Amino acid sequence: METKPDLNIDRSIGDFHYDVDYEFDAGIGLSERTVDYIADVKKDPDWIRDFRKDALRKFESMPMPTHWASHDLDNIIFENIRYYLSQGTQPKRSWDDVPEDVKRTFERLGIPEQERKFLAGVEAQFDSEAAYSNIKAAVGDQGVIFVGSTEGLQKHPEIFRKWFGKVIPTGDNKFSALNSAVFSGGSFIYIPPGVKVKHPLQAYFRINAENFGQFERTLIIADEGSEVMYMEGCTAPKFETSTLHSAVVELVALKGAKIQYVTVQNWSANVFNLVTKRGIAHEEAEIKWIDCNIGSRLTMKYPGVIMKGRKARGEVVSIALASDGQHQDTGAKMIHAADDTTSNIVSKSISIGSGRSTYRGLVQVGRHLKGCKNNTECDALLINTESRTDTYPAITVRGKENACQHEASVSKISAEQIFYMQQRGISEGAAMSLAVNGFVNDLVQQFPMEYSVELKRLIDLEMEGSVG
Amino acid sequence: MNSTLIEKHVTPISSNWPTWFAAEQKTALTDYEQSPTPTRRHESWRFANLKPLDLSAFVDAQPVSSEGRLINASSGLGEFSAKMVFGNNALLHRSAQSLPDGVIFESLESAAANHAELFRKYFMARPTDLGSSKFTALHKARVSTGVFLYVPANTTVTLPIEIFHWAEGNNASIFPHTLLICGENSSVTVMDYFKSADKLTALACGVNDLHLEKGSRLTYIAVQDWSSTTTAFHINSTNVDANAKCTALIANFGGGFVRGESLSRLIGEGSRSEMYSINPVEGTREIDQRTLQDHIAPHATSDLLYLNALDDRSRTIFAGLIKVEPGAQGTDAYQKVRNLILSDDADPNSMPGLEILNDEVRCSHGATNGPVSEDELFYMQARGIDRDKARRLVVNGFFNSLLERIEDAAVRTHLSGLLAKRLSVD
């Protein structure tokens, strides 16, 4: 990165503020000038600058998708948003400014002291250089490239350019266009043929704080026969000042490759989290999205897999938890474009208080394909009377030698279950937590171990106060 | 667009209509002209083929060439309590063999005159909008006759009532209407047949409204058998009050492009609505069905099962929604669409949706797609049945599994016969 983090800030200063340093601040609002500014600061090559400008025009010409999506989107005022802030100019605040409930959550989740400050935005970056360097060194020997997206496009243009924007075209939707215009941060990963990366690659360990940015852009390419697991986010609530997050994540699994992409996100309740994630699986390749969405004001995220090669496989496993005032609008897209491709979607959602969870799905099997199979299961759990859940799948399966099935159910925690546990001396709240954990348990098991432990604690925490 | 349909008849065909109705038709015509033509950007037209919505080729239906031929061809069940036959927007025949006292079974226009209060209370009084409000307005602007059935409280009509709607002539446009009102604790079965007198292309734009008051029971069967190039809109609205039960089955045997919308509103506690449909489609035929199970009252039940068997280059769209309103605790709602795929070129689209705003519910939905089982075909071929017939037998069995849900044995047998004839397995 060009900028050096400023570690000598005076943390005793109260309210967070923006340094008036125009070299690293694109200002507020979005125009061609903003895009030029970002391209200048990041020293983008011309093709990226043109790509950004083309995306901006698309973004401006596309309507809000409110004909099917939540009208809450209309409350995003694009003119009031700051589209680029480099590290040195991240908002600063002191530990004392961090709200009590966030501190309490850190405590309960058992987040290490050092990480807490980073997550709370007190420190501009997380001091994990050692851990990151170790991983980088370990995988670097195998020829793995694991860098930020800016470094990726500058240092590895021959791989980057071939796939960038190919899985998710700029004009895919209004928010992918926005991301394409102003993206910064995110990861670029390339796994050479046959390399099986033992340790999960974690965005968490990357020292570049931009990685958690508003408009991150991640591109992962797994070459023939390689395997990788990537993890982003963490269970702790990320204390945010910016209200719009719009990431684009593209995965390419070449012949026989396997990619698992794990996301655990817990946004603060003021955030619009509008993410486009899609992967292309070539012959016998496998892409699996494991996704857990907690928090935010509105999350819209439908990870997808395009099964382009014979015997490719796509999978989405997702858990969504919508608390009071939150809307988790999540789902999956499975596009079967070759014979003998299989896909599986398992989605579980929990709505608490006035929370609303929505499943939107798309399953398509093209004409003249054989042996394609899709299985979709969506289960929703409603905790309170005013909780809400919706399911909107769209299934087009052509060809007489293909099969698909979709099932969904909606339930509440049975009074008998709670009564049974209460009889054995478990409080009503604890009993509810146990029941909810039981509901998602089979999916939580698919998460990496440290995540699944934290997830359970987090569900306990979210369930508190939902009874009575 | 649709100049031919708009220019004529701002006043109803029949002078039997009361004058106030002319004003309503005029308003409806303005609504039709001013409503935008749907685009696929509307969720309710997602996946839809919009070409058939250009109605400019259609003209007014002329009086039918032979009333006698159509009346004679209007035979359904052996035993029925009453019958009406319509041809090209005119009532051709009405007979009532065994209707209990107090049952009103009249043409719409005479009911509008003789039972104005009832008519105005129920005639197109409920919102039906699952996307086709423009075509509902067209229907209202152009409807000239139809069925008005009122069954008073505590009255049972034992034998089914049968209604036939015929379309005849090239590009004829017809506007069938069936309005059924079941008083408290009454019971009735109605068979509604839609048929073409020839193989020519027609436009049918029909509305049927079913009103079930407390404790009533209605079995409503629509057998749609328009010519294979006819464009048809069938817009249905059902209102079910406390402890009433409606069983509605729509069989789409014909039509080139059929847009069906069925809205069931469960407005009383303990009400039940069963929504069934069987759709054998082949050639380039297209059946586009949108449904809503709207649970407003607590402890109501709805059960939807739609079966499609798709051959050749046919298309189906099923978009269903179960909506559980905040006050509807104790809701029990099911929704299922099953597509049997007989050809690689067939195009089935399923969108089974749920919107649940209450936690005291039991709701589930499902959608499946699958081919005819090779094992079943092999079994029959081993017994000397050729492969093509074996396949039709499997389709017949697939649909018969739904017909078993019809309680009235005579109706069930009759439908099973019609189906066997349709699939050439009789």
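Nothing in this text is a laboratory measurement; each read-out follows from the coordinates by a stated rule. Note that the coordinates shown come from a computational prediction; the quantities given were computed from them, not determined experimentally. Reconstructed Cβ throughout: ideal geometry from the backbone, glycine too, with neighbour counts over all protein chains shown.
Bridgeable lysines around B:LYS83 (alpha carbons under 25 Å apart, same-chain partners fewer than 8 residues away excluded): B:LYS121, B:LYS140, B:LYS195, B:LYS199, B:LYS245, B:LYS421. Only helices reaching 15 angstrom along their own axis (Cα) with mean Kyte-Doolittle hydropathy no lower than -0.5 count here, and for the DSSP H runs of chain B these are B:387-403, B:409-422. Listed by chain and number, the lysines whose alpha-carbon sits under 18 Å from that of A:LYS196, ignoring those within fewer than 8 places in the same chain, are A:LYS136, A:LYS255, A:LYS258, A:LYS288.
If R₀ is 41 angstrom, what is the calculated FRET efficiency for the pair A:LYS166 and B:THR284, using the beta carbon separation as r and rounding to 0.05? Don't skip to the end; give the middle numbers.
On the way: r = 35 Å, r/R0 = 0.86.
With a Förster radius of 41 Å, E is 0.70.
Would you tally the net charge around B:GLU286, using a Cβ to Cβ cut-off of less than 12 Å, leaving B:GLU286 out, and scoring K and R as +1, D and E as -1? Mind dumping the intermediate values first?
Values: positive: B:LYS51, B:ARG259, B:ARG285, B:ARG313, B:ARG315; negative: B:GLU282, B:ASP288, B:ASP312, B:ASP347.
With Lys, Arg at +1 and Asp, Glu at -1, the net is +1.
Summarising the label geometry, the points placed 7 Å from Cα in the beta-carbon direction at B:ILE385 and B:GLU33 lie 5.7 nm from one another.
Taken about its Cα centre, the protein assembly as shown carries a charge dipole of roughly 1840 debye when the Cβ of each Lys and Arg holds +1 and the Cβ of each Asp and Glu holds -1.
Taking Cα atoms of the protein assembly as shown, Rg/Rh with Kirkwood Rh, to two decimals? Let's see the in-between values first.
On the way: Rg = 31.0 Å, Rh = 30.1 Å.
Dividing the radius of gyration by the Kirkwood radius yields 1.03.
In this simple spin-label model, placing a label point 7 Å from the Cα along the Cα-to-Cβ direction at both A:TYR420 and B:SER401 gives a separation of 3.2 nm.
Here the calculated FRET efficiency for B:ASP198 and A:HIS71, from their Cβ-Cβ distance with R0 = 51 Å, stands at 0.55, rounded to the nearest 0.05.
For segment B:167-211, the residues whose amide N sits under 16 Å from a probe point set 7 Å from the Cα of B:ALA410 along the beta carbon direction are B:187-192.
Indicate the gyration tensor shape class of chain B (rounded, prolate or oblate), computed on the Cα atoms with a ≥ b ≥ c the square roots of the eigenvalues: a/c under 1.5 is rounded; otherwise a/b larger than b/c is prolate and the rest oblate. Verdict is rounded for chain B. Total lysine pairs in segment A:333-443 at Cα distances under 29 Å, for residues eight or more apart or on different chains: 9.
Roughly speaking, what is the stretch gain from A:LYS196 to A:GLU428, that is 0.36 nm per residue apart minus the C-alpha to C-alpha distance, in nm to one decimal? Write down the numbers at each step before the final one.
On the way: separation 232, 0.36 × 232 = 83.52 nm, distance 4.62 nm.
Roughly 78.9 nm would be gained on extension.
Remark: spin-label model distance B:ASN171-A:ARG310 equals 5.2 nm, labels positioned 7 Å along the Cα→Cβ axis. On full extension, the segment bounded by B:LEU118 and B:SER373 gains 86.6 nm, given 0.36 nm per residue less the C-alpha separation. Excluding same-chain neighbours fewer than eight residues apart, the lysines reachable from A:LYS43 by a Cα-Cα span under 21 Å are A:LYS4, A:LYS53, A:LYS155, A:LYS162.
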